[in-house]
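Here is the structure we will look at.
What follows is calculated from the coordinates using simple rules that are stated; it is not laboratory data. All values derive from a computational prediction rather than experimental measurement. We place every Cβ from the backbone using ideal geometry, glycine too, and count neighbours over all the protein chains shown.
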Amino acid sequence: MEHNNPKQEVPMLKKIRVNGIEREFDDLKPPLTLTELLERLGIDKATVVAEIDGRVVECERFAEAKLSSNSSVELVCFVPGG
């Protein structure tokens, strides 16, 4: 007799819109904060200004800025040079 394990992890699907493009994260650990999203995208948090659902997030608060499914994130990256 086979029993279902209620603690078995099921992949979660999280959709986050980044600069107008919907991205899907369907692994066991989707990004839950702005810091995690930036790490997944390979963006240095020191070089970006961010907005979640129309609200500017100060860089000191990236780690506590929660993302939910269907969050809309706008990122503006600074590029050195001219």
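Near Glu22, within a Cβ-to-Cβ distance under 12 Å, what is the net charge of the other residues, with Lys and Arg +1 and Asp and Glu -1?
Details: positive: Lys14, Lys15, Arg17, Arg23; negative: Glu24.
Summing Lys/Arg as +1 and Asp/Glu as -1 gives +3.
So what's region 15-67 giving for Cα Rg divided by 2.2 N^0.38 Å, two decimals? Don't jump to the answer; show the numbers that get you there.
On the way: Rg = 10.6 Å, N = 53, 2.2 N^0.38 = 9.9 Å.
Taking N as the residue count of region 15-67, the ratio is 1.06.
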